[in-house]
Amino acid sequence: GKTTLAKHFNGLFKPSSGCMRVHGKPTTDYSHRDLARLVGFVFQNPDHQIFSNTVAEEVGFGLKVMGETPKTIEKRVAEALEIVGLEGYEKEVPFTLTKGERQRIAVASVLAIKPPILVLDEPTTGLDYRHQRSMMEMLKSLNKRGHTIIMITHSMWVAAEYADRTIVLRDGSTLVDGPTRTVFADEARLAEASLRPSSLVRLSNWLGTQALTVEQMVKELQT
């Protein structure tokens, strides 16, 4: 139910009961255009999102639909491509690029609209370790720029190293919600959702430290 829940955040789905609010206002009270300016959604498979003939057209499509001027679109596209590290790719054909690059194009197409909230469904799926790191460091940078990042993931090391808050869902309900270190310390509770922390975090729990990364572990053991 994680993806189903997330698709309510930007109005892709509408609640059959209850209420989903963004900035205190029900999502059903927003127009699709206004909600898209607040919440951007990046699909698990970028190929479900990409359809244009060039990278520039793809990244600027949302802005074009919103009626922005060509000058504004050009400026926003350049800014978004710089953020995701794809400057100079404007004339490339998206489907000739790597999975990691296509994922970045999908992110850029959302960033061009400048939503304060960015939702990503399994952003590291299908990427090798190097590209997973690259993707997560980019999202970390966006978070430091002021974007709220909501990430759906099964990757425990990604959650451990990059998430400040973790919500574990099971059978459509919240099993646990809290600071990531606190959540990952309760291995028995995680097991109820068939989840297991990384070896590093399990070692940290056994040692009684608060480390979630190798760097943190070394620092705590040295003090």
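The values are calculated or read from the model by the stated rules, or taken from the named source; none is laboratory data. Small disclaimer: the values here were computed from a predicted structure and weren't measured. Cβ: placed from backbone, ideal geometry, glycine included. Neighbour counts: every protein chain shown. In case anyone asks, the SASA skips ligands and DNA or RNA and just uses the protein heavy atoms, side chains included. Shrake-Rupley method; radii C 1.70, N 1.55, O 1.52, S 1.80 Å.
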Legend entry - Shape box of the chain [Cα atoms, principal axes, largest first, Å]: 58, 43, 28
Inset, instruction - Report the convex hull volume per residue for segment 17-144, counting only C-alpha atoms, in Å³. - result: 121 Å³
Inset, instruction - Compare Ser198, Ser173 by solvent-accessible area with a 1.4 Å probe and give them largest first, with all protein chains kept in place. - result: Ser173, Ser198
Legend entry - Within segment 91-175, trypsin sites (Lys or Arg not before Pro) in DSSP loop having at most 14 other beta-carbon neighbours inside 10 Å: Lys91, Arg145
Inset, instruction - Just list whichever of Lys2/Lys71; Lys14/Lys75; Lys7/Lys144; Lys25/Lys99; Lys91/Lys114; Lys2/Lys114 have alpha carbons separated by over 30 Å in the model shown. - result: Lys2/Lys71; Lys14/Lys75; Lys25/Lys99
Inset, instruction - Normalising by the residue count of the chain, find the relative contact order in percent from Cα pairs under 8 Å and 6+ residues apart. - result: 16 percent
Inset, instruction - Measure of size requested: the Rg and Dmax of segment 83-186, with Cα atoms as the atom set and Å as the unit; please supply both. - result: 15.0, 49
Legend entry - For segment 18-136: relative contact order, % (alpha-carbon pairs under 8 angstrom, 6 or more apart): 36 percent
Legend entry - Radius 14 Å from Cβ of Met136, net charge of other residues (Lys, Arg +1; Asp, Glu -1): 0
Inset, instruction - Report the Stokes-Einstein translational diffusion coefficient (µm² s⁻¹, integer) for segment 133-220, Rh taken as the Kirkwood radius over Cα pairs, at 20 °C with viscosity 1.002 mPa s. - result: 156 µm²/s
Legend entry - Kirkwood-based shape ratio for segment 62-102, expressed as Rg/Rh from alpha carbons: 1.01
Inset, instruction - Return the single residue from Leu139, Leu38, Leu169 with maximal mean-square fluctuation; model: Gaussian network over the chain, springs between Cα atoms under 10 Å. - result: Leu169
Inset, instruction - Output ³J(HN,Hα) for segment 27-38: one whole-Hz value per residue in order, computed from phi by the Karplus curve 6.51 cos²θ - 1.76 cosθ + 1.60 with θ = phi - 60°, and x for Gly and Pro. - result: 4, 5, 8, 8, 6, 4, 5, 5, 5, 5, 6, 9
Legend entry - Value of [θ]222 nm, deg cm²/dmol, for the chain, DSSP H segments ≥ 4, -39500 (n - 2.57) each, nearest 500: -13500 deg cm²/dmol
Legend entry - Where labels lie 7 Å past Cα in the beta-carbon direction, separation of Glu82 and Asp164 in nm: 2.5 nm
Legend entry - Positive dipole terminus of segment 131-223, leading residue within Val201, Ala191, Thr223 (C-beta point charges): Thr223
